[in-house]
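**Q** Take a look at the following structure, please.
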Amino acid sequence: MSDYREIAWQGLWKNNPGLVQLLGLCPLLAVTATLTNAIGLGFATMLVLIGSNILVSLVRDYVPKEIRIPVFVMIIAALVTCVQLLINAYAYGLYLSLGIFLPLIVTNCVIIGRAEAFASRNNVAKAAFDGVMMGIGFTLVLMVLGACREILGQGTLFDGADLLLGDWAKGLTIHLWQVDTNFLLAMLPPGAFIAMGFLIAIKNVIDSKLAQRTMPANPEPAVTRARITKVS
Amino acid sequence: MAFKLASSPHLNTSAQTKSVMLKVMLCAVPGVLAQCYFFGWGAIIQLMLAIAVAMAAEAAVLTSRKRQVWPTLSDNSAALTGLLIGVAVPALAPWWITTIGAIFAIVVVKHLYGGLGNNIFNPAMSAYVMLLISFPLQMTTWVAPTGAALNDVSLLSSLQIIFQGASSQEILAYRAGFDGVSMATPLDAIKTSLSTGLTIDEALTLPSFSDGFGVGWAWINVAYLLGGLMMLKLKVIRWHISIGILGSLFVCAGVGYLLSPDTHTGPLLHLFSGATMLAAFFIATDPVTAATSPRGRLIFGALIGVLVYVIRSFGGYPDAFAFAVLLANLCAPFIDYYVKPRAYGHRSSH
């Protein structure tokens, strides 16, 4: 069971695709202007990631090593097409607002990266679990980034939730404060880069605090000798 | 106390960050006074506000970084950053614009990179660019300069507009020239006239140019030029960067003007409008973010001049010094790598 705990820890924190591996930066920075978009894209990515991890893990023994990458890419492309058509059918507004970044999931390095690094070397159950955890990790980063940018940029949360969930969700939009002028920087790509930098910095601070807590404060200085006679 | 032995030639200098920054600020006084004359009390209020916020932000960051506050705060670098933001922001912009700008400059651009001497970008210009792309409306609303304005702004109403906000009608009233039409800055006026199909000669008949040369702005540039010459005389800056900027801007504008006088502004108007003199002497000469060798500085300045000309003439923004300075900041390490001065006593291999 500790295997699974390790996979979860890797996906959610230690090896988080958004904050540590820095994979899939393009959608991460481009579509996180609002929380709704972030959730939509995160969810789509997660679906593709789970599907591709399962399929790659299933076929891993039958694919010759030399052509594995093209096979993985075709599996991923097929899955992305499915997800894209599903979103087109059931959440058309979201489909429009995600635009090109939905089909671009196919080039998202998180997916091919996990397929190559994990799914092609592990059994189906572990690969699926890794997909879930990496997907959740990625989605969480997208959500935090989207929420920060939306709050700073236009003072709302869940703006446009009806695109994702249907008309009843219009009431979900929370107006935290009224702004006369949107803070455009937060909504433009440069703001995304700056916010991303801050998120990574916060993670590093937490990591170093954790490391300090687990390490003894003053390790006993080991006795070192000025000169060690070499035994030869 | 560390005893540092540098290689020869040994040269003693009394220049300290503190006195250099103070001299730069004093040399900016003529320009600041000219800006106050033409744009009223708002200019001086923005200046005070920006300096105060910048110093407060510096003190706060130093405390949180567990550094000594007073020695760094008294080197006047934060005050100078504040001053540059204060003169770059429109006189009647709301207070939060200046505040956000000053905090961004000090906290993000300066201290996240390690404080004075470690920042790769010019703090004041980064803050200006941040404000310009975030709040384009407020950052381009300049009041009509004195001598061309229909209504002059009193001290009380400037304070009111800056700290309590103003209706768009009030702002419009203060932007109005004698004919009641809101006045644009000279560079804005040229940009919009060209886009509506007027020629430069026709654009120069607009009220923004009623004294023949960009009302107010030309005098402000002359005042900053004066301050810049004072800095050269005091040896606070070297001439390379400033001459590089002014020279390349003059040459580019001259060539453009000769090729197509109807669609390109003359070189003198380029030199004496917008932020040209302020940037050439006070902003681009920041020793931290510029190239270091004399030849490198000439290249650095020339690069800024060319970029300014290109963006002013073909880009989307009427003035371009902030963008040009930031782009040149990016190139500074690259320039320094290729333009290394000959080491003393070392012969070139050719």
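**Q** Largest first, how would B:K235, A:K203 line up by accessible area (1.4 Å probe)?
**A** Largest to smallest exposure gives the sequence B:K235, A:K203.
**Q** What nm distance separates the two modelled labels at A:L86 and B:S293, each placed 7 Å from Cα along Cα→Cβ?
**A** 6.1
**Q** Interface A/B, total buried accessible area with a 1.4 Å probe, nearest 100 Å²?
**A** 700
**Q** So, one more: Within 10 Å of each Cβ in peptide A:184-190, how many partner chain Cβ atoms are there on average? Round it to a whole number, please.
**A** 3
**Q** OK, next. Hey, what angle do you get for helix B:123-134 against the long axis of chain B, alpha-carbon based, 0 to 90 degrees rounded to 10?
**A** On a 0 to 90 degree scale, this one is about 40.
**Q** Taking each residue in B:129-138, count the Cβ atoms of any other chain within 10 Å of its Cβ, then average. What number comes out?
**A** 4
**Q** Taking only protein heavy atoms and a 1.4 Å probe, what accessible area per residue, in Å², does segment B:10-111 have with all protein chains in place?
**A** Each residue of segment B:10-111 exposes 43 Å² on average to a 1.4 Å probe.
**Q** For chain A, what is the mean residue ellipticity at 222 nm derived from helices alone (per DSSP H run of n ≥ 4: -39500 (n - 2.57); sum divided by total residues; nearest 500 deg cm²/dmol)?
**A** Value at 222 nm, helices only, nearest 500: -20000 deg cm²/dmol.
**Q** Sort A:K209, B:K191 from largest to smallest accessible area, using a 1.4 Å probe on the heavy atoms of the protein chains.
**A** A:K209, B:K191
**Q** Here's a follow-up. With label points built 7 Å along Cα→Cβ from the Cα atoms of A:L22 and B:S19, find their separation and express it in nm.
**A** 4.4
**Q** Please list B:310-318, B:122-130 highest first by mean number of surrounding beta-carbon atoms within 10 Å per residue.
**A** Highest-to-lowest ranking by the protection proxy: B:122-130, B:310-318.
**Q** Rounded to the nearest 10 Å², what accessible area does A:M215 have for a 1.4 Å probe in the complete protein model?
**A** 130
**Q** At 1.4 Å probe size, with the rest of the protein present, what percent of the exposed accessible area of the protein assembly as shown is carbon and sulfur atoms?
**A** Looking at the protein assembly as shown in its full context, I get 67 percent from C and S.
**Q** Set the Förster radius R0 to 41 Å, insert the Cβ-Cβ distance between B:T192 and B:Q160 as r into 1/(1 + (r/R0)^6), and round the FRET efficiency to 0.05.
**A** It comes out at approximately 0.85.
**Q** Another one. Provide the gained length on full extension for the span A:I100 to A:N182, in nm with one decimal, where the gain is 0.36 nm per separating residue minus the Cα-Cα distance.
**A** Gain on extension, A:I100 to A:N182, equals 27.1 nm.
**Q** Specify the inter-centroid distance of segment B:272-312 and segment B:98-150, based on alpha-carbon positions, in whole Å.
**A** Using only Cα atoms, the two centres lie 17 Å from each other.
**Q** Which distance in nm do the two modelled labels at A:I202 and B:W96 give, with both placed 7 Å along the Cα-to-Cβ direction?
**A** Reported label-point gap for A:I202 and B:W96 is 2.1 nm.
**Q** Another question, if that's okay. Between B:Y337 and B:R238, take the C-beta separation as r, use R0 = 25 Å, and let me know the FRET efficiency to the nearest 0.05.
**A** The calculated FRET efficiency here is 0.80.
**Q** Calculate the mean, over all residues of peptide B:108-114, of how many other protein chain Cβ atoms lie within 10 angstrom of the residue's Cβ.
**A** For this peptide, the per-residue mean of nearby foreign Cβ atoms is 1.
**Q** At what distance in angstrom do the alpha carbon centres of segment B:220-270 and segment A:96-165 lie from each other?
**A** Using only Cα atoms, the two centres lie 51 Å from each other.
**Q** Turning to a different aspect of this structure: Evaluate E = 1/(1 + (r/R0)^6) for A:E66 and B:S74, where r is the Cβ-Cβ distance and R0 equals 51 Å; express this FRET efficiency to the nearest 0.05.
**A** 0.15
The values are calculated or read from the model by the stated rules, or taken from the named source; none is laboratory data. From a predicted model like this one, the values you see are computed outputs, not experimental measurements. Cβ sites come from the backbone with ideal geometry, for glycine too, and all protein chains shown count toward neighbours. In case anyone asks, the SASA skips ligands and DNA or RNA and just uses the protein heavy atoms, side chains included. Shrake-Rupley method; radii C 1.70, N 1.55, O 1.52, S 1.80 Å.
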